[in-house]
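Following: one structure in structure tokens, then a few remarks.
The values are calculated or read from the model by the stated rules, or taken from the named source; none is laboratory data. Keep in mind the model is a prediction, meaning the values are calculated, not measured. We place every Cβ from the backbone using ideal geometry, glycine too, and count neighbours over all the protein chains shown. What goes into the accessible areas is simple: the full protein's heavy atoms, side chains included, and nothing from ligands, DNA or RNA. Shrake-Rupley method; radii C 1.70, N 1.55, O 1.52, S 1.80 Å.
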Amino acid sequence: MRLGIDVGGTHTDAVAVDREGNVTATAKVRTVHEDLLVSVRAALENVLMQVDAQDVARLNLSTTLSTNAIVEGRTEDVGVFVSSGPGVDPESFRIGRHYYTFEGSIDHRGEEVAALDGDSLESAVALCRREGVRVFAAVSKFSTRNPAHENIMHEAITSDGTWESEAEFVTLGHRISGMLNFPRRISTAYYNAAVWRTFNAFADAVEGSVRHYGIKAPVNILKADGGTMPLSLCRGLPVESILSGPSASVMGIIALCDVVEDCVILDIGGTTTDIAVFAAGAPVIEPEGISVGSYPTLVRAMKTRSIGIGGDSRLRVVRGDVRVGPERVGPPLCMGGTEPTLMDAFNYLGLAGTLCDREESERGIAKLAGLWDIFPEALARRAVDYAVAAIRKAVEELVAEINARPVYTIMELLEGRKVRPRKAYVMGGPARAFQSLLAESLGWEVETPRHYEVANAIGAAMTRTTQVLELFADTDKGVMFIPVLDIEKRISSRYSLEEAERDARRNLIALLKENDPEAARRDDLPVDIVEAQSFNMVGDFSTLGRNIRVKAQVRPGVNGPGRRGSNGKNGNGTVRNGKGGR
Amino acid sequence: MLTARNSLGIVFFPAFDWAISPTHPEREERLLYTQDQLREEGVFDIEGIREFKPEVATREDVERVHFCIPSVETVATKSHLVSAGGAIRAARAVMDGEVDRGFALVRPPGHHAMKCVHGNRGFCNINVEAVMLEYIREHYGNKRVAIIDTDCHHGDGTQDVYWHDRNTLFISLHQDGRTLYPGTGFPMDLGGPNAMGRNLNVPLPPNTSDEGFLHVIDNLVLPVLEDFKPDLIINSAGQDNHFSDPITNMNFSARGYAMLNERLSPHLAVLEGGYSIQGALPYVNLGIVLAMAGVDYSGVREPGFNPEKYRQSAKVTDYIKDVSDKVRDLYFNPPPCPKDGEVSGDYYVRMKDIYYDTDGISESQVESVVICGDCSGTVKLETWSSVNPLSVGIEIPLDACDRCAGIGQRLLEEAHLKGSYRYVQMINRRDREYVQYGF
């Protein structure tokens, strides 16, 4: 049996799902923002009254802890050490109060162009020490090609000869992601260090509680990319736990419905509608990473779009036009609110089921309509039409944006796969009210799954571990490097793309098996090679070697009894350039 | 968070699956390190910079510009159509107001492709800028346009395409043709009889550095643009003037390129040559991107750059001042007729021999243009080569007067009646008719 807990903005949901995929227990408690542990415990206790702790094989937790800490600025001071070299001024990426830049440069092939300035590095370490900074982020440009300068910074921070180091945690840029993007590497490393202490305190408490309740199963943390991460790994990479809410909901739908084709997943809540797209056997992922506040990061995440249309969205009339949202005024009149909302419009039209007080809605809609000399029914109808049209427009824009993503080979440009959803899954409070209207507007089949009110927690429960790694090999220099694992290996001049793919795959599987007992039991882990490129490097008109780049992932998906999720398709979306000396 | 002062659309298309041959400079690897640099610098996260996916140029887009003998399909591969389509996408983004500026970072290049195309010369098959510009004129009206070619090689293809066009000012800055392919591009080549002074060539001596290039921009290009008053400025942004380029002899730097771009302030830039793919392109492209977006580029510095080492000699400086003054005078006071060719009745006629170095094709042409005071003049181009028999192309220009349009139609009839042409093609820009016969 698997437990899933989703700590959301309003509620904390928990479910237990048995081996056959049946939901055997559910719980919903209010989220206590000041102490999320209280909510986690309450939800857990509630579920454990319905099922036996002994039977729990896995506990997955989706939490807003790190996100809230960042958004609300409750983070720790971080010593940010940055070595940039030529290019955009690294001052542009200043973050936090202890940001230091150093001379030193590594180029795009990982060649050291200028050594790191050791003197200013030492004085920065001393300054941080004086100011009591305990956690650090060390980032250099092109560290995913050659981490030497990050390693030197790490060394200087942790083992200065003259004093006992007080550094407790150092995030190294290349260990976060193998992708190229120096500004994102800086902000991601910063956030990782900034929430490290908070997250680990929470992790200790959660593990303590879980053991206290008699659960022996491993704890996993939900990520924004539709996968989980073992808590043991997440302690060093807490930034990976941010913004996992939409991921829980989307994976919930995938677990509840037999999703195989391209489709759109809509989570219609009180305030917003979140849209995600499922294509080629997995959720569509942001090409680089998700943004936190105004800072883009390298944290892998599903591509989602959020618009201000929800059940509690305010109704307005602007110069005779009926508008919905984006501000929220809920609850609706029919549930004791003070102003008419979208839900009241649905209720007026008899589309909101029987839970609502119809009279309250009717009175409110009629009052608003009276101010503008509109028939109440017309107002309600136009509000609902407006909301449906807004959702439809956002869906179409998101799909168009995904299809307009740049590609870099002629093959992909001419024959690249297009995302063509023909079905939508809707969840959230007003889901049923919207179902038939959306079906009509989109011209697609629209499904509302069973248990949709706790789909997020089900998603958390059923989601499996994901991991991604990049491999970079340069046969001219004779080096293979996997940044996130810090694996560096000498290779021969004959090292090929096939060997690189094999190495990427093998290391990815080894990492997973080492950290996730569930993965260790499986011998069919869904590993995809999502990018595989090999370029001949030519100097003075003769070939010097090959520049190889491979990206491998464990595809996001759900664990379930056989069918569930996205195991079927193979190698979708793989980018290859067959040429270049394979 | 960095913000661009000018919003910039970048079409980045490295064609990672296309090469002329495995070790050819125009190969898969060419923009690999540029991509690495742009991604690592996070330029696509800069507020106001957007990346666009290229389109594929259609046959009609090419037929609007070139006489492709025997057909577009035989001379232009998909990669060429994507390169041109990338430039078109960048242009559309600017013309539709999605962004202020556009940079098409595409390959293969195009500025050696001439009006008539039998194959590949100088790594080019179709003229990317010309296909883009005629797309603009087709969809956004007959714009007055200046193309500034800052590739190290003379933009002989673009010169040829716009030789007779009075609404297109073409200025090429390049290493002196006596020392580098294609061996052309001298100051006295000023355009056809109806467009004298609309084609300017600035041959620069080997070892010209930042100072020399910027002198030409400040003292020749900007004053001429001030007078010409173009609606649009296009930069053919070749990057082989860089001091590390393996096939040229200039001393331009990445920051120099950025400064040039900042002063020129083009609406659209299109990548041309540049084959120092590790030492120059990543930095030059970064410099150009930042300059176009109006973001500080002073930190862009390529490894091995030492301004002292690459400073030009006083002799080079004097020579450049001289050529720059001379060409400026030629723009303002062009001689009455071109130095090559002769008047034959109503026509001005010149002969040309063209060699396609990449494909080893030799072509000969007889080009006749109607001498006209009212428009750019209808052109008849008779061509034969080592791969195609005698064929003819007739172009009625976009600004054609009624007389020239009539002459164009008559020339087409005559070409059919005369019957000795294997292929007959007509580009009627005025009435938007593009026809090919001979299949």
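For chain A, which span is the longest to avoid every loop-located (per DSSP) member of chymotrypsin sites (Phe, Trp or Tyr not before Pro) having at most 15 other Cβ atoms inside 10 Å?
It works out to A:214-540.
Just to confirm the number: angle between the C-alpha axis of helix A:358-372 and the first principal axis of chain A, 0 to 90 degrees, nearest 10?
Value to nearest ten degrees: 90.
Output the 0 to 90 degree angle, nearest 10, between the alpha-carbon long axis of helix B:128-140 and the longest principal axis computed from the alpha carbons of chain B.
70 degrees
With no solvent and one point per C-alpha, what does the Debye sum give as log10 I(q)/I(0) for the stretch A:195-267 at q = 0.21 Å⁻¹?
-0.93
Could you derive backbone 3J(HN,Hα) for the stretch A:393-407 from the dihedral phi with the Karplus parameters 6.51, -1.76 and 1.60 (θ = phi - 60°), listing whole Hz in sequence and x where the residue is Gly or Pro?
4, 5, 4, 5, 5, 5, 5, 4, 5, 5, 6, 8, 4, x, 10
In Å, the Kirkwood hydrodynamic radius of the stretch A:396-552 over pairs of distinct alpha carbons?
The answer is 19.7 Å.
If amide H atoms are built 1.01 Å from N in the plane of the peptide, which residues on other chains or at least 5 residues away come under 5 Å of the amide H of A:Asn220?
Placed amide hydrogens put A:Leu59, A:Asn60, A:Leu61, A:Leu231 under 5 Å from A:Asn220.
Bin all alpha-carbon pair distances of chain B at 20 Å intervals from 0 and give each bin's fraction as a whole percent.
Per 20 Å bin, starting at 0, the Cα pair percentages come out as 28, 59, 13, 0.
Kirkwood hydrodynamic radius (Cα pairs, Å) of the stretch A:391-436?
Evaluated over the stretch A:391-436, this radius sits at 12.9 Å.
Let me have the relative contact order for chain A, percent, based on Cα pairs under 8 Å that are six or more residues apart.
Answer for chain A is 14 percent.
Between A:Asp89 and A:Ser306, what is the FRET efficiency for a Förster distance of 45 Å, r being their Cβ-Cβ separation, to the nearest 0.05?
0.85
Using θ = phi - 60° and the Karplus curve 6.51 cos²θ - 1.76 cosθ + 1.60, what whole-Hz ³J(HN,Hα) does each residue of the stretch A:332-346 get, with Gly and Pro shown as x?
Karplus values, whole Hz, x for Gly and Pro: x, 4, 5, 10, x, x, 10, 10, x, 10, 4, 4, 5, 5, 4.
With every atom except the alpha carbons ignored, what do you get for Rg and Dmax of the protein assembly as shown, in angstroms?
Rg and Dmax of the protein assembly as shown, Cα atoms, are 32.4, 104 Å.
Given contacts defined as C-alpha pairs under 8 Å and at least six residues apart, what's the relative contact order of the stretch A:22-106, whole-number percent?
About 21 percent, as a whole number.
If you put +1 on each Lys and Arg Cβ and -1 on each Asp and Glu Cβ, how big is the dipole of the stretch B:50-94 around its Cα centre, in Debye rounded to 20?
200 debye
Among B:Leu264, A:Gly226, A:Val318, whose Cα sits farthest toward the positive end of the charge dipole of the protein assembly as shown (+1 at Cβ of Lys/Arg, -1 at Cβ of Asp/Glu, about the Cα centre)?
Final value for the positive-end residue is A:Gly226.
Relative to a virtual label point 7 Å from the Cα of A:Lys216 in the Cα→beta-carbon direction, which members of the stretch A:22-64 show backbone nitrogen distances below 14 Å?
A:53-58
Rounded to the nearest 10 Å², what accessible area does A:Glu45 have for a 1.4 Å probe in the complete protein model?
Surface accessible to solvent at A:Glu45 totals approximately 90 Å².
Between the stretch A:507-526 and the stretch B:178-204, how many Å separate their Cα centres?
66 Å
Could you estimate the translational diffusion coefficient of the stretch A:46-174 from the Stokes-Einstein equation, with Rh from the Kirkwood formula over C-alpha pairs, at 20 °C and 1.002 mPa s, in whole µm²/s?
Value of D from the Cα-based Kirkwood radius: 127 µm²/s.
Helix A:182-212: angle to the longest alpha-carbon principal axis of chain A, degrees 0 to 90, nearest 10?
70 degrees
Under 4.7 Å Cβ to Cβ, no partner at all: give me those cysteines from chain B, in residue order.
Lacking a cysteine Cβ partner under 4.7 Å: B:Cys68, B:Cys116, B:Cys124, B:Cys152, B:Cys337, B:Cys372, B:Cys404.
With a cut-off of at most 15 other beta carbons within 10 Å, and DSSP calling the residue loop, which trypsin sites (Lys or Arg not before Pro) in the stretch A:55-103 qualify? Please list them.
Qualifying residues, ordered by number: A:Arg74, A:Arg94, A:Arg97.
How much space per residue, in cubic angstrom, does the convex hull of the C-alpha atoms of the stretch A:411-488 take up?
Per residue, the Cα convex hull of the stretch A:411-488 comes to 157 Å³.
Under 37 °C and 0.692 mPa s, how fast does the stretch B:66-166 diffuse according to Stokes-Einstein, given a Kirkwood radius computed over C-alpha pairs? Answer in µm²/s, whole number.
The diffusion coefficient I find is 237 µm²/s.
Under the definition of Cα pairs under 8 Å and six or more residues apart, what whole-number percent is the relative contact order of the stretch B:314-425?
16 percent
Considering only A:Asn60, A:Phe93, B:Gly42, whose Cα is most displaced toward the positive end of the charge dipole of the protein assembly as shown, charges sitting on Cβ of Lys, Arg (+1) and Asp, Glu (-1)?
A:Asn60
What order do B:Ile371, B:Ile288 take when sorted by accessible area (1.4 Å probe), most exposed first?
B:Ile371, B:Ile288
Please list the non-local residues whose amide H lies under 5 Å from the amide H of B:Glu55, H modeled 1.01 Å from N, same-chain partners needing a gap of 5 or more.
Under 5 Å from the amide H of B:Glu55: B:Gly86, B:Arg89.
So if I place +1 on the C-beta of Lys and Arg and -1 on the C-beta of Asp and Glu, and nothing else carries charge, what would the dipole magnitude of the stretch B:138-234 be about its Cα centre? I want it in debye, nearest 20.
280 debye
As a test question: what accessible area, to the nearest 10 Å², does A:Lys513 have when a 1.4 Å probe is rolled over all protein chains in place?
About 70 Å², rounded to the nearest 10.
Per-residue HN-Hα couplings for the stretch A:424-441, Karplus 6.51 cos²θ - 1.76 cosθ + 1.60 at θ = phi - 60°, whole Hz, x for Gly and Pro?
Going residue by residue, I get 10, 10, 10, 9, x, x, x, 3, 4, 4, 7, 3, 6, 5, 5, 4, 5, 5 Hz, with x marking Gly and Pro.
Placing +1 on the Cβ of each Lys and Arg and -1 on the Cβ of each Asp and Glu in the stretch A:165-300, which of A:Ser177, A:Thr273, A:Trp196 has its Cα farthest towards the positive end of the resulting dipole?
Result: A:Trp196, furthest along the dipole toward the positive end.
Under a 5 Å amide H to amide H cut-off, with H placed in plane at 1.01 Å, what residues pair with A:Trp444 once short-range neighbours are removed?
none
Would you kindly enumerate the cysteines in chain A that have no other Cys beta-carbon under 4.7 Å from their beta-carbon?
A:Cys128, A:Cys234, A:Cys257, A:Cys263
Ratio of chain A's C-alpha Rg to 2.2 N^0.38 Å, to two decimals?
Output field value: 1.04.
With a 1.4 Å probe and every protein chain left in place, tell me how much accessible area A:Thr475 has, in Å² to the nearest 10.
10 Å²
Quick one: dipole size for the protein assembly as shown, taken about the Cα centre, charges +1 on Lys/Arg Cβ and -1 on Asp/Glu Cβ, in debye to the nearest 20.
1720 debye
Please give the residues of the stretch B:351-372, grouped as numeric ranges, whose backbone N is less than 15 Å from a label point set 7 Å along the Cα-to-Cβ vector of B:Ser344.
Of the residues in the stretch B:351-372, B:351-353, B:364-371 have backbone N under 15 Å from the label point off B:Ser344.
Rounded to a whole number, what is D in µm²/s for the stretch A:179-233 from Stokes-Einstein with the Kirkwood radius over alpha-carbon pairs (25 °C, 0.890 mPa s)?
187 µm²/s
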